[in-house]
Amino acid sequence: MDFLIIYEFKAREAETAVLLKYELERRGYTAEVVNFFHLNRIEYHFRKKPKVVIMPFLYNSEFITRHVYGFSGRVNKVFNLQWEQLYRQESEVISKQVPSENAKDAVHLCWGRQEYERLLVAGNSKSVLLGHPGMDFLKERFDKWFLDKNALCKKYGINPHKQILFFISSFNYISVDDYQLEFVKTVDDFDPYEFKDLTIRTRTEVLRWFARYLKENEDAVIVYRPHPGELSDELTDKMEEEFDDFYVIRDYSIGQWIKVADVILNWYSTAAVECYFAGKGNLMLRPYEISDEMDYSMFKDVTKIDSYENFERAVNSKEMMEHNRNAVKDSIEANYLDDGSYAYENICDLLVEMRNTSKYDMDKRYASDCEITFNLLKDTVKALMVNTSRLLPQKIQDGIRRKGLLYRVFRDYDQYRAERITKKEMNRMYNRFDKIFREL
């Protein structure tokens, strides 16, 4: 196989991953898309061993040895899509998210000039400035990619004549356990425990605002889009039960909902960038202040809404939405290449060059054969544990999931099941790409 494209979150990355696969196959190469939490990796070591591995992120040496080699054995052509490129205000120069150690030897995608210069300063000499492929879907070529408002609303029984408020949730830390919080400490620059507490308090207050707004405004609908890492819980379930016009919907990309929404609500999400490229502003809900060290620098001049009364007034304020769009303009222009080209084409050009030449090859072998074999055996055993346990009664499965190491194994498997792209979804996206590219 020529290319293995690994993604983490379906809602954030699936469209881009499948577009890259589609374009590479149009050029005559073979490619496969697989979720980061996929455990049955043995086929990618042998029968489907790729020439080039495309990662969603690549922070340090462990990500080379444990994840790149863990997926496909030893390869020397590694491309990092680097899905996190916006930084908090206290992390502007260097961050733990900047590739370090052996990860510097891979090729790293940069969305804009600022990230490109930051990575070069940090010693990432194989950084490439090609743009953000996710923003391609908001450009002219992909105008017909999205459903129109009536078609999307029909799928969920939403009245398209009502005012649609679309909330982009970033409340995933509610679902993060202590084990994951300790890991976050190693790759980020803020206190994750403090941020989890802030997340819980904010989500509770924002849902109170939503409940009151729906009681007082019968002509409104709120679509709550959970973060991909945010699990369902009692609060959002109760809101759906209590209000016919409150919908928790994970399906379709954020760009799709931004296109059809009348009002876009945000707390902390960098999807404000998608709003900008779609020509829309968003309202920033901040019932509790976020410190500079935790907040993104792009939100510095955005107007924050800190009470229900201000929220109610802002919902119909086109001036505030336009102000917020303009407030992020300078940051977006610094962080996103917008030269009229399509990033997915730029990326595929480079991937083909990587496959066919040694120009971007990694210089060294970063793990022994024994270490690679051990990691493969470990993942294979995990896959066997999961597959075997699924034959047991559900009560026993639930007991296994609550215990130590097995808890982490099943957590990864549950993440895989939630984030995998099904064959039906893949075919649907391919059919839509076929239609778009036939008309070019």
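Excluding the sites themselves, what is the longest stretch of the chain that contains no GluC sites (Glu not before Pro) in a DSSP loop with at most 11 other C-beta atoms within 10 Å? It would help to have the intermediate numbers written out before the result.
Details: sites that count: Glu92, Glu218, Glu289, Glu439.
Looking at the chain, 290-438 is the longest stretch - no exposed GluC sites (Glu not before Pro) with at most 11 other Cβ atoms within 10 Å.
With +1 on each Lys and Arg Cβ and -1 on each Asp and Glu Cβ, how big is the dipole of the chain about its Cα centre, in debye rounded to the nearest 20? Display every interim value, and only then the final one.
Working: 66 positive and 73 negative charges, 411 e Å.
That gives the chain a dipole magnitude of about 1980 debye.
Over 24 Å between Cα atoms: which of Lys155/Lys318; Lys21/Lys280; Lys259/Lys318; Lys259/Lys423 fall into that group?
Details: Lys155/Lys318 28 Å; Lys21/Lys280 30 Å; Lys259/Lys318 16 Å; Lys259/Lys423 26 Å.
Pairs exceeding the cut-off: Lys155/Lys318; Lys21/Lys280; Lys259/Lys423.
In whole percent, what relative contact order does the range 161-238 give with Cα contacts below 8 Å and a gap of six or more residues? Don't skip to the answer; put the middle values down first.
Details: 66 pairs, mean separation 46.0, N = 78.
Across the range 161-238, relative contact order equals 59 percent.
Let me check I've understood the local charge: for Leu214, count other residues with C-beta under 10 angstrom from its C-beta, Lys and Arg +1, Asp and Glu -1. What total comes out? If you can, show how the numbers build up before the last one.
Numbers: positive: Arg212, Lys215; negative: Glu216, Glu218, Glu242, Asp244, Asp245.
Net local charge, Leu214 excluded: -3.
With a 1.4 Å probe and every protein chain kept in, tell me what percent of the accessible surface of the chain is carbon plus sulfur.
Values: 9670 of 19990 Å².
Ligands and nucleic acids excluded, carbon and sulfur reach 48 percent.
Count neighbours as other Cβ atoms within 10 Å of each site's Cβ, and list the chymotrypsin sites (Phe, Trp or Tyr not before Pro) in the range 285-389 that are DSSP loop with at most 16 such neighbours. It would help to have the intermediate numbers written out before the result.
Working: sites: Tyr288, Tyr296, Phe299, Tyr308, Phe311, Tyr336, Tyr342, Tyr344, Tyr360, Tyr366, Phe374; in loops: Tyr288, Tyr336, Tyr342, Tyr360, Tyr366.
Here the chymotrypsin sites (Phe, Trp or Tyr not before Pro) that fit, given the DSSP loop and packing criteria, are Tyr288.
Show that you can apply the helix-only estimate: for the chain, add -39,500 (n - 2.57) for every DSSP H stretch of four or more residues, divide by all residues, and state [θ] at 222 nm to the nearest 500. Walk me through the numbers before you get to the answer.
Working: 18 runs with 198 residues, N = 440.
Here the helix-only value at 222 nm equals -13500 deg cm²/dmol.
Thinking of the chain as a set of Cα atoms, what percent of all their pairs are more than 42 Å apart? Write out the running numbers ahead of the final one.
Numbers: 13525 of 96580 pairs.
Here the tail beyond 42 Å accounts for 14 percent of pairs.
Excluding ligands, DNA and RNA, what is the solvent-accessible area per residue of the chain at a probe of 1.4 Å, expressed in Å²? Please report the intermediate quantities before stating the final value.
Numbers: 19990 Å² over 440 residues.
Ligands and nucleic acids excluded, the figure is 45 Å² per residue.
The values are calculated or read from the model by the stated rules, or taken from the named source; none is laboratory data. Bear in mind the structure is a predicted one, so any value in this text is a computation, not a measurement. We place every Cβ from the backbone using ideal geometry, glycine too, and count neighbours over all the protein chains shown. Surface accessibility is based on the protein's heavy atoms, side chains included, excluding ligands, DNA and RNA. Shrake-Rupley method; radii C 1.70, N 1.55, O 1.52, S 1.80 Å.
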